[in-house]
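Working notes, beginning with the structure itself.
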Amino acid sequence: MFEKIMKMTVCSVAIAALTASAFNPNEVDREKMLTGTNHYEPMFNDGSRIIMLKECSMTQMTGIIVKTPHDQVIIFDGGNLVDTDNLIDWVRLINGGKVSAWFLTHPHNDHYGVLQKILTEKPDALEIPFVAHDFPPMEWCEGSSDKELLEIQPILDKSGIRQVRITKGMKWTYDGVTVTALNQFISEPKRSINDVSIVFKVELGGKTFMVTGDVHEITSDRLIEEYGDALKCDIVQVSHHGQNGAPKRFYEKVNPEMALWPTPYWLWENSTDGKHLGNFIYKTNYTKCWFQEIGCKRHYITMGHDVVIE
Ligand SMILES: [Fe+2]
């Protein structure tokens, strides 16, 4: 059943091949993006899947489901409140609604909104054994304009769900899929909440996949210093929805063959309205150029579609 629906869903994957030699990000071959080439060999040798969830509104979000060979479900972030039913539907489709582990990269509502809605309005929608995170202390966020931690932490506490505090090097294994946390919260230097994202390395089906959340420069540089070439992964989730997140030098170390972009169309095109391209303030086009320069040729962009990597 799952395989059948998977085949239907993978057709909606948006693909862009960033292969032009004189690459202009505003002149991506749209016909190629639409028709794509879903004729690659499968990435995973054991039936594992990565499902990067679509934006159910115009707002950027990140929600990733890793399906293990025997249908266990590992979730990273989830998305905004409005994205809740899509995530629930996927988990129910895979195994009836049982989550093995739920990881949150950082406390921003375009990442935790789905979990917030489930805990507050749909507590019986899914079985969730624990939520793992390493959010900064409340006082670290006070005084900042960023109040979203102050909203989610009380919700988690009140729900009674088991919270696991992530520390660097922690590992979880489910059905042959291993998740390793590459970092933990460090208070200095003071930086954005995006940049306290926990970065995860996932080993599945003979490949490696890096979940970056919205990590920015300071944490990226720390990871480069600590891991160097060991950051190498086959697949990367492009941080901060593809703009103004991890720097080029971080992606050079990761050196992925495949990039997953949790990026709506307007942000991919840096467009205020989806029609006038390149007229907005975002830096997505720089990131596209970096990936072209490091030779990463397989790109999957959500753009309002669920993306399934098999
Ligand atoms: Fe985000």
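Derivation of every value follows stated rules applied to the coordinates shown; laboratory data play no part. Since this is a predicted model, take the numbers as computed values, not measurements.
When the C-alpha to C-alpha distance is required to be over 23 Å, the pairs from Lys67/Lys207; Lys54/Lys122; Lys98/Lys297; Lys201/Lys297; Lys67/Lys147 that qualify are Lys98/Lys297; Lys67/Lys147. In whole percents, the pair-distance distribution calculated for region 42-309 from its alpha-carbon pairs, binned every 5 Å from zero, is 1, 6, 14, 18, 21, 19, 13, 7, 2, 0. Build a GNM of the chain with springs between Cα atoms under 10 Å: which of Asp229, Asp71, Asp214 gets the top mean-square fluctuation? Between Asp229, Asp71, Asp214, it is Asp229 that shows the largest mean-square fluctuation. Its Cα gyration tensor gives region 158-310 an equivalent ellipsoid, and the semi-axes of that ellipsoid, as √(5λ) in whole Å with the largest first, are 26, 18, 17.
Gain in length, Ile218 to Arg92, computed as 0.36 nm per residue apart minus the alpha-carbon separation, to one decimal in nm?
Values: separation 126, 0.36 × 126 = 45.36 nm, distance 3.80 nm.
Extra length available between Ile218 and Arg92 comes to 41.6 nm.
Here the Gaussian network model covers the chain, with springs between Cα atoms less than 10 Å apart; of Lys248, Lys54, Lys158, Lys158 fluctuates the most.
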